[in-house]
Amino acid sequence: MRKIHCLNPISKLGTGLLTENYEMTDNLAEAEGILVRSAAMHDLELPKGLRAVARAGAGVNNIPLDKCAEAGVVVFNTPGANANGVKELVLAGMLLGARDVVGGIDWCKEQKDNENISKDMEKAKKKFAGHEIRGKKLGVIGLGAIGAEVANAAAALGMEVYGYDPFISVKAAWMLSRDVKHITSVDTIYQECDYITVHVPLLDSTRQMINKDSLGQMKDGVVILNFARDLLVNDDDMAEALASGRVKRYITDFPNAKVMQMPNVIATPHLGASTEESEDNCAVMAVKELMDYLDNGNIKNSVNFPNCDMGVCTTVGRLALLHKNVPNMIGQISSILASTDMNIANMTNKSRDKYAYTLVDLETKADAATIEKLKAIQGMMRVRVIK
């Protein structure tokens, strides 16, 4: 019986997919798989029997990826499962940035006891006048699942959309509307766009990418939206740009003590994927990834090991080997199997940076002695008998 532990509450649409071979456990120490949303795992002691962690969401900053990899623990995320929910909130943020809806709502609340509100509002509403987004230039930095959806939706609303992503995948490129202009320099977005929205992961190369230098290139009155990661924006530089009027409004899903002291900020409390549909989609995707790995050895949407899929095993045996990406690893694996007269029916090897993964289908079952020899290979992190 495989035991799964949830570090956060997970939608029952996901956990309901677990078959009779699985059971939920409150005891982390006995878990073979972990389902997590936002719980911090960096200081968590990984159970010895842990095989995989599935994050019901896209970001994995709360998970120690290298620590997991070195322990032979595959980490999954669910890219695209919450894309529509985030896209809709970004569009709402853009509309709030174009028209002072928030100011108008606040004015109405202040006038709740005013019997003449219906007359007074005709004079007051000019303070909250804005503009339409149709015809305005939007720059989308990062064209992954969310960025591409934002770009397409904005183009459909009549905006002139510029998209920038030096690492855009073929799949993402095919998903983009022909009306989205794919540009090769992010400076073009900084210099020409009326609205700029950021949809990139938090990496060393993207940390505080919205800073004094990039803000200095932007048009006066630009609206900036950040529904991706808090630390993509330098708060001190943003405060200065808002005070000077260079940035008209900063719309963010990541309020903090500094941001909430700035003028012309519209902040939401990390609501991007907080919809029933997004939570259901992420949970379903995370559980499916976890089960496919534990039951079949297949890896899809891992963030610390390469993707590798050989479907359901139809031979007598299957081995899954997590190891360092070093020369002669395949040769050593094949040599050990050959020395025990085991015939390889099918083999797939994939690598990703420092780590690699090998799936081997055998015409006979691997015995305990063979498994121990495989485990003894230098650079081998985990050998798992799937069948």
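What follows draws every value from the coordinates through simple rules; no lab data is involved. Here the structure is a predicted model, which means the values were calculated and not measured. As a convention, Cβ positions derive from the backbone with ideal geometry for all residues, glycine included, and neighbour counts pool all protein chains shown.
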## Note on the structure
Which residues qualify? For Glu160, with a placed amide H closer than 5 Å and at least 5 residues away or on another chain, they are Gly135, Lys136, Lys137, Leu138
### Message
Assuming 0.36 nm per residue, please report the length gained on full extension of the stretch Ala369 to Asn256 beyond their Cα-Cα distance.
### Response
35.1 nm
#### Entry: Difference of contour (0.36 nm per residue) and Cα-Cα distance, Lys212 to Glu122
28.4 nm
### Message
Taking Rg and Dmax of the Cα atoms in Å straight from the coordinates, which label in (1) 25.3, 92; (2) 21.8, 67; (3) 21.8, 77 is the correct one?
### Response
(1)
### Task
Please give the peptides 147-153, 336-342 ranked by average Cβ packing (other Cβ atoms within 10 Å per residue), highest first, as a rough proxy for protection.
147-153, 336-342
### Message
Could you order the peptides 45-58, 182-195 from most to least packed, using the average number of other C-beta atoms within 10 Å per residue?
### Response
45-58, 182-195
## Note on the structure
Taking only the alpha-carbon positions of region 305-387 as identical scatterers, the Debye log10 I(q)/I(0) at q = 0.23 Å⁻¹ comes out as -1.14
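Among the listed pairs Lys87/Lys258; Lys109/Lys136; Lys67/Lys300; Lys300/Lys350, which have their C-alpha atoms separated by more than 22 angstrom in this model?
As for pairs spanning more than 22 Å Cα to Cα, those are Lys87/Lys258; Lys109/Lys136.
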### Message
Please compare each pair in Lys137/Lys181; Lys126/Lys219; Lys288/Lys354 to a cut-off of 22 Å on the Cα-Cα distance and tell me which ones are over it.
### Response
Lys126/Lys219; Lys288/Lys354
### Summary
Quick calc, Gln378 & Asp341: beta-carbon distance into FRET formula, R0 35 Å, rounding 0.05, result 0.90
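Net charge within 12 Å of Val90 by Cβ-Cβ distance, Lys/Arg positive one each and Asp/Glu negative one each, not counting Val90 itself?
Charge balance near Val90 sits at -2.
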### Query
How high is the FRET efficiency between Lys324 and Leu95 when r is their beta carbon distance and R₀ equals 56 Å, given to the nearest 0.05?
0.65
### Summary
So the FRET efficiency between Asp236 and Met1, C-beta based with R0 = 45 Å and rounded to 0.05, is 0.25
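Which of the peptides 128-140, 223-235 is most tightly packed, and how do the rest follow, judged by the mean count of other Cβ atoms within 10 Å per residue?
Ranking the peptides 128-140, 223-235 by packing returns 223-235, 128-140.
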